[in-house]
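In what follows, a single structure is set out as structure tokens and then discussed.
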Amino acid sequence: MDVAPLDGRQSIEAYDEQRDVSFHETPDEFASLPMRTGLFALLWPSDAHRPNGQLAGPFDVRKCVVKILLD
């Protein structure tokens, strides 16, 4: 998974409320997090992420998203 701060990056597709997703310009630099079974990543609303990258061929991927209220 690639991760980078949004830093006011322009949206290239409007937020889709039903799918709870928006798309932004690709950053010039990002961190790559190799995710394996049993690992998790905690991302803030100010973090953009690009999931489903493949390091060594295609694999079935399961992901679970849990949203935590920040108030």
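Observations on the model:
- Residues satisfying the stated conditions in segment 6-20, i.e. touching a residue at least 12 places away in the same chain (Cβ under 8 Å) and more than 15 Å from the chain's Cα centre (by Cα): Q10, I12
- Within segment 1-34, the set of residues being among the acidic types (D, E), under 14 Å from D47 (Cβ atoms) and in a loop (DSSP other than H, G, I, E, B) comprises D7, E29.
- Scanning segment 43-63 for residues that are within 15 Å of the chain's Cα centre (by Cα) and either under 13 Å from D2 (Cα atoms) or not in a loop (DSSP other than H, G, I, E, B) (or both) yields a total of 9.
- Among the candidates L43, L55, the residue that is surrounded by 10 or more Cβ atoms within 10 Å (Cβ to Cβ) and free of Cβ contacts under 8 Å to residues at least 60 places away in the same chain is uniquely L43.
- Flag for V66 being at pLDDT below 85, assigned to a loop (DSSP other than H, G, I, E, B) and either of a type in the set (A, V, I, L, M, F, W, C) or surrounded by 10 or more Cβ atoms within 10 Å (Cβ to Cβ) (or both): no
- Restricting attention to segment 12-40 and to residues that are of a type in the set (D, E) and in contact with a Lys or Arg (Cβ under 9 Å, 6 or more places away or on another chain), the residue that is surrounded by the fewest Cβ atoms within 10 Å (Cβ to Cβ) turns out to be D20.
The values are calculated or read from the model by the stated rules, or taken from the named source; none is laboratory data. None of these values were measured; they are calculated from a predicted model. Don't worry about glycine lacking a Cβ; one is built from the backbone with ideal geometry, like all the others, and counts go over all protein chains shown.
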